[in-house]
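Please read the structure below before turning to the comments.
Each value in this text was obtained by applying a stated rule to the coordinates, not by laboratory testing. A quick note: this is a predicted structure, and the numbers were derived from the prediction, not measured. Note that each Cβ is placed from the backbone with ideal geometry, even for glycine, and that neighbours are counted across all protein chains shown.
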Number of protein chains: 2
Amino acid sequence: MFDDLADFHTWFAERRAANHYEVSAVPVDRIEGWRTEPETGDLVHHTGKFFAVRGLEVGTDHRETAAWTQPIIHQPEIGILGIVVKVVRGEVWCLLQAKMEPGNINLVQLSPTVQATRSNYTRVHRGNAVPYLEHFVAPREGRVALDVLQSEQGSWFLSKRNRNMIVEVPEDPAPREDFCWLSTSQIAELLRVPNLVNMDARTVLSGLPFFHAPELTEGLPAEQDGRPLHTTGQLLSWFTGCRARYQLNRRFVPLAGLPGWRRIGGEIIDEGKRFFSVTGVRVEASSREVGSWSQPMLRPVERGVIGFLGRHIDGVFHVLVHARTEAGTQDVVEMAPTVTCIPASYAGLPAARRPRYLRDLEEAAARGALVDVVHSEEGGRFYHAENRYVVADVGPDFGLDVPEDYCWMTPRQLTGFLRYGNHVNVAARCLLSCFPSAPALATR
Amino acid sequence: MFDDLADFHTWFAERRAANHYEVSAVPVDRIEGWRTEPETGDLVHHTGKFFAVRGLEVGTDHRETAAWTQPIIHQPEIGILGIVVKVVRGEVWCLLQAKMEPGNINLVQLSPTVQATRSNYTRVHRGNAVPYLEHFVAPREGRVALDVLQSEQGSWFLSKRNRNMIVEVPEDPAPREDFCWLSTSQIAELLRVPNLVNMDARTVLSGLPFFHAPELTEGLPAEQDGRPLHTTGQLLSWFTGCRARYQLNRRFVPLAGLPGWRRIGGEIIDEGKRFFSVTGVRVEASSREVGSWSQPMLRPVERGVIGFLGRHIDGVFHVLVHARTEAGTQDVVEMAPTVTCIPASYAGLPAARRPRYLRDLEEAAARGALVDVVHSEEGGRFYHAENRYVVADVGPDFGLDVPEDYCWMTPRQLTGFLRYGNHVNVAARCLLSCFPSAPALATR
């Protein structure tokens, strides 16, 4: 436990320095331990487990484009993202880990206590046992404050979910090497540092309000300053309407010869170079379960933006939530930030063809954002996938009338849906996790 | 509005008598308007829409049998089951319909205000417009008290969902022919009559508590007499654990030559005649959107049992909920009654091979059940599919330790999960709808 965050930073720099990591690019068709399926060109692990990169054909009436093809990660198994917590001096402390992931900016970031694929904890790739895993598998001793299957990035994963867990332990495990205890207020501070707290930690941390108020969803109308614009029932009706209204059809197609994508320079990239590529990396590490390995990764062409427009409505701060459909969304739509895109993908296009509300977000952020920080996406699958996370107040003159797939709700209402799974997408959860880092939002 | 239920029964008998219906059996391969796909033997509507009967291969680690094949209804579209309600003299009144369905016992049963497949309301089979549909599609005027995508019978439907809605209307629509207003206390009384209130009405009615207390889930711990055994968070953790633990894999296989099933007497039936058959019917009706039609139906071999074991725990009545996997369950498990089976399917088997808790339920019901009534399943797809709906108090000596896929919860907690969709299965919802009909349960 660090009384001062300066001590944390010293410790963290030491952990970074204590281990040697090297990540180098390899061509997608020459990744050790991976093979290209002869019939499809899909990239699969030699065991047939772990994950695969396949081709996907998508048809939907809920995107600008009605149909497209893209590579997608296929990993039909549920991993565990778990944080061990304890209460000390009246505050909640989390056991986090300094963990290397090959796709991370800075390589080492703060991750949950346990971040394990099913392959990990069933030892498919023969690594060491996962530390602290015993707190997240039956029989457990701790009190479970959060336990929900949450979706991962729908643009890059097909229906992938992880089990997000927060478990309060009765005893105080001494931190192993690479682990440390941080208070929630310290974590809030660290969430303002770019590329430090990883995505897996952020998605779990978005559920921390349930630790403090287990019946959070049941507290309405208990907003501090007034009533939300819509009741929970109205929000659910909006969400149900979106799920019933839109279509999303997918089928696997061969990765080889995928229309609109080509192999160039050892990568598979979309012809316009507007979205992302599939690349390969070789990793040498001294501190991971396995000393070295190679794997495919997805690499976005540019930094993205993930942002909520927000405003006060009758004295209560609301954010504008989008019912968003992505290629891999399990059930048509999930609640997403107002804006999710790579702005560079739309460079040179007329304003009407840029993503809705992007300009509003950029303009409001330029006047001063409540949250404005760059974080990385999951460094185990995505290479240098950065997003600018923004919450910007657009002010009281911003119209309340929105298209039918958008809806105003309070951060508390949105958090309430988070524990039912497949309601709040990973971008929205990660953005919610940053709210405590914003003084103007933390008290709401 | 009937001041006396005797008047309702008179009206209902008149509605039954006013129309002429005739349902006759036809062989599955000679259903007018339907064809057998040459490659697969699947039964499909000539338009390619409506629904199909296909073969399904199921593999799971969460049933007595690890793998099996069966016919299943494939209808990948979301229908609407909607009830219009109004408040009069301080009580909620529902607009229900006397509706014929070919599979119904007694043919005519009470159904929701609107019971429409997407084919219905997009006019695929060219019927008349659906009365009162305007209250359930945008733009609507009424207050939405419930709006959730709910699963249908997982044993017979693949991932089928309907949109369950309750809408309070500002004006009082005069009931059309075949429609009537009934108060919730009158409906509670009618739920004690066998085969009168149809499944579609029952599933929607299970959400009526949200009309009275919109934030129902948010009232905990507000049980009248004490605290539930588990918190909402613990129940969700149990449910998440079941979804993460078990596997359910399905793929379509040809209906022709489906292993374990054979065509005999114009039906497709399992070789042991223990489960159900696929049959055909021809319907002549004077009061439906279409005057006559033919269709396939699923016909169970015997009456089933759907039952909750219940007991008081620290003064609070709890039911024993099963996390159940069925062939068509969309997401591995849903919360189900303690017992769901056709007892005759297990006749002659040793006790150890009969469904868990069936004997406890039968014995407790023999001593006096809280709910004990026979209702029909959806008469539009299932022919004479009756279930005995039972809630039986097993008494305070019944052990609280249960297998890991069972969990005690209060009816209020179970109802709370109902509005998030894909949590509470149709059997459990239908059983919950009967709780107000039981004096001992109605006040809880």
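Globularity index of the stretch B:15-81 is 1.53 (Cα radius of gyration / 2.2 N^0.38 Å, N = number of residues). Computed from Cα atoms alone, the Kirkwood hydrodynamic radius reported for the stretch B:381-441 is 13.8 Å. When B:I105, A:I83, A:I264 are arranged by Cβ crowding within 10 Å, least crowded first, meaning fewest neighbours, the order is A:I264, B:I105, A:I83. Which one, A:I73, A:P254, A:I166, projects farthest toward the positive side of the charge dipole computed for chain A from Cβ point charges (K/R +1, D/E -1)? Farthest towards the positive end: A:P254.
Comparing B:M335, B:L414, B:A201 along the charge dipole axis of chain B, the residue lying farthest to the positive side is B:M335, per the Cβ-charge model. Of all lysines in the structure, the ones whose alpha carbon falls short of 25 Å from that of A:K86, not counting any fewer than 8 places away in one chain, are A:K99. Per the Debye formula on identical point scatterers at the alpha carbon atoms of the stretch B:142-197, with no solvent, log10 I(q)/I(0) at q = 0.13, 0.15, 0.26 Å⁻¹ is -0.55, -0.73, -1.08. Remark: spin-label model distance B:A352-A:E57 equals 5.1 nm, labels positioned 7 Å along the Cα→Cβ axis. When the Gaussian network model of chain A links Cα atoms closer than 10 Å, the mean-square fluctuations of A:V253, A:V390, A:V114 top out at A:V253.
In terms of the Cα gyration tensor, with a ≥ b ≥ c the square roots of its eigenvalues, is the stretch A:324-444 rounded because a/c is under 1.5, prolate because a/b exceeds b/c, or oblate? Judged from the Cα gyration tensor, the stretch A:324-444 comes out rounded (a/c under 1.5). Quarter the surface of the alpha carbon convex hull of the protein assembly as shown and you get the mean projected area, 37.3 square nanometres. Put simply, the amide H of A:I313, placed in the peptide plane, has neighbours under 5 Å in A:H318, leaving out anything fewer than 5 places away on its chain. Two numbers describe the Cα atoms of the stretch B:231-359: Rg and Dmax, which are 19.5, 56 Å. Normalised by the number of residues in the stretch B:135-215, the mean separation of alpha-carbon contacts (under 8 Å, six or more apart) gives a relative contact order of 30 percent. Over every Cα atom in chain A, the radius of gyration and the widest Cα-Cα span, Dmax, amount to 21.2, 62 Å. Given a Förster distance of 35 Å, report the FRET efficiency between A:D29 and A:R251 from their Cβ-Cβ distance, rounded to the nearest 0.05. Computed FRET efficiency for A:D29 and A:R251: 0.90.
Normalising by residue count, the stretch B:316-387 has a Cα convex hull of 147 Å³ per residue. Dipole magnitude for the protein assembly as shown: about 1700 debye, using +1 per Lys or Arg Cβ and -1 per Asp or Glu Cβ, origin at the Cα centre. Rounded to the nearest 20 debye, the dipole size of chain B about its Cα centre is 880 debye, using +1 on the Cβ of Lys and Arg and -1 on the Cβ of Asp and Glu. Scaled to the globular estimate 2.2 N^0.38 Å, the Cα spread of the stretch B:32-141, given as radius of gyration, is 1.43.
Neighbouring Cβ atoms from other chains, within 10 Å of the Cβ of residues in B:102-111, number 0 on average.
Taking only the C-alpha atoms of the stretch A:234-294, Rg followed by Dmax gives 19.8, 52 Å. With contacts taken as Cα pairs under 8 Å and at least 6 residues apart, the stretch A:360-444 reaches a relative contact order of 26 percent. Farthest towards the positive end of the charge dipole of the stretch B:85-211, among the residues B:N104, B:L182, B:C94, is the Cα of B:N104, using unit charges on the Cβ of Lys, Arg, Asp and Glu.
Working from Cα pairs under 8 Å separated by at least six residues, relative contact order for chain A is 21 percent. The lysines within cross-link reach of B:K49, meaning a Cα-to-Cα straight distance under 21 Å and a gap of 8 or more places when in the same chain, are B:K160.
Modelled this way, with points 7 Å down the Cα-to-C-beta line, the labels at A:A67 and B:T10 are 6.1 nm from one another.
Put a dot 7 Å past the Cα of A:S292, heading toward its Cβ, do the same for B:D372, and the two dots end up 7.4 nm apart.
Give me the one-decimal Kirkwood hydrodynamic radius in Å for the stretch A:63-217, with the sum taken over alpha-carbon pairs. Mean inverse Cα-Cα distance, inverted, gives 16.6 Å.
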